Amino acid sequence: MSSNFNLSCVLFDLDGTLVDTAPDLIACLNQALLQYDLTAMADKQIKPFISLGAAAMINKSVGDHVSQHTQKKILNTMLDCYQDNIAQYSRFFSGINETLETIESLDLKWGIVTNKRKRFTQPLVEALKLTQRAACIISGDTTAHSKPHPEPLYTACSQARVNPEQCVYIGDARHDIDAGNKANMKTLAAVYGYLTPDDKPDTWGADALIASPEQLTSWITSTCH
């Protein structure tokens, strides 16, 4: 760790990093698949693809056997279901609540930068009672570009009133690390998140691999001392 790094703000990806949203997303995916007489997917089959978005989850589920037109209809059905069931089963990853409490006890700011659309981000964050605690909440359609473009991270810094060089960004997908690196932030790969079998997070260029929220808490604490 560079001795001149002065941590002011911790920025989180949402799905697969801050919150385990898989139960709600997979339940709505399967409801949509069954509505179109398709086979429901097991959690372990589909969970690794959540960070790539709902369309990728559907494509993984049906492959080339279903037309793009039908996949689009499945997507709309899934997302309508998800909007109505945004936080039925979604919970913080074990240890994240303590991570947030540690950040706040150190008088650091924290925020969320996600590619999730605002129509889903806002009600989920409100349900988890994070809206007033976060210094910034940036969704996939808040800015003209989404990750891996750095614009969402720059916008987060502007809202939180911090410099990018004083931030760390943690996410569970390569596009998270790419965005953070482009924004000149420290980056941490959340390898406890939704990684695909082909992911090689040690090649993403992150400053560290984080195997659990407890390890993240330790990283933050050691950085501030």
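The values are calculated or read from the model by the stated rules, or taken from the named source; none is laboratory data. Since the structure is predicted, the reported quantities are computational estimates derived from the model, not experimental observations. All Cβ positions, even for glycine, are placed from backbone atoms using ideal geometry, and neighbour counts span all protein chains on display.
Go through the range 100-117 residue by residue and tally those that are outside any loop (DSSP other than H, G, I, E, B), more than 15 Å from the chain's Cα centre (by Cα) and among the hydrophobic types (A, V, I, L, M, F, W, C).
Step one: of the range 100-117, the residues outside any loop (DSSP other than H, G, I, E, B) are 100-105, 109-113.
Narrowing further to those that are more than 15 Å from the chain's Cα centre (by Cα): 100-105, 109.
Still in the list and also among the hydrophobic types (A, V, I, L, M, F, W, C): 100, 103.
So the answer is 2.
Among the aromatic types (F, W, Y) and more than 16 Å from the chain's Cα centre (by Cα) - does that describe any residue in the range 87-99? Let's see the steps before the verdict.
Step one: of the range 87-99, the residues among the aromatic types (F, W, Y) are 89, 92-93.
Of the ones still in play, those that are also more than 16 Å from the chain's Cα centre (by Cα) are 89.
So far as the range 87-99 goes, yes, one or more of its residues are among the aromatic types (F, W, Y) and more than 16 Å from the chain's Cα centre (by Cα).
Among K118, K60, K73, which is without any contact (Cβ under 8 Å) to a residue 24 or more places away in the chain and surrounded by 14 or more Cβ atoms within 10 Å (Cβ to Cβ)?
K60
Could you grab me the full set of residues in the range 190-207 that are more than 14 Å from L18 (Cβ to Cβ) and either surrounded by 16 or more Cβ atoms within 10 Å (Cβ to Cβ) or at pLDDT below 95 (or both)?
V191, L195, T196, P197, D198, D199, P201, W204, A206, D207
Could you pull out the residue among D107, D37, D84, D13 that is modelled with pLDDT of 95 or more, surrounded by 18 or more Cβ atoms within 10 Å (Cβ to Cβ) and out of contact with any Leu (no Cβ under 9 Å at 6 or more places or on another chain)?
Every option except D13 fails the conditions.
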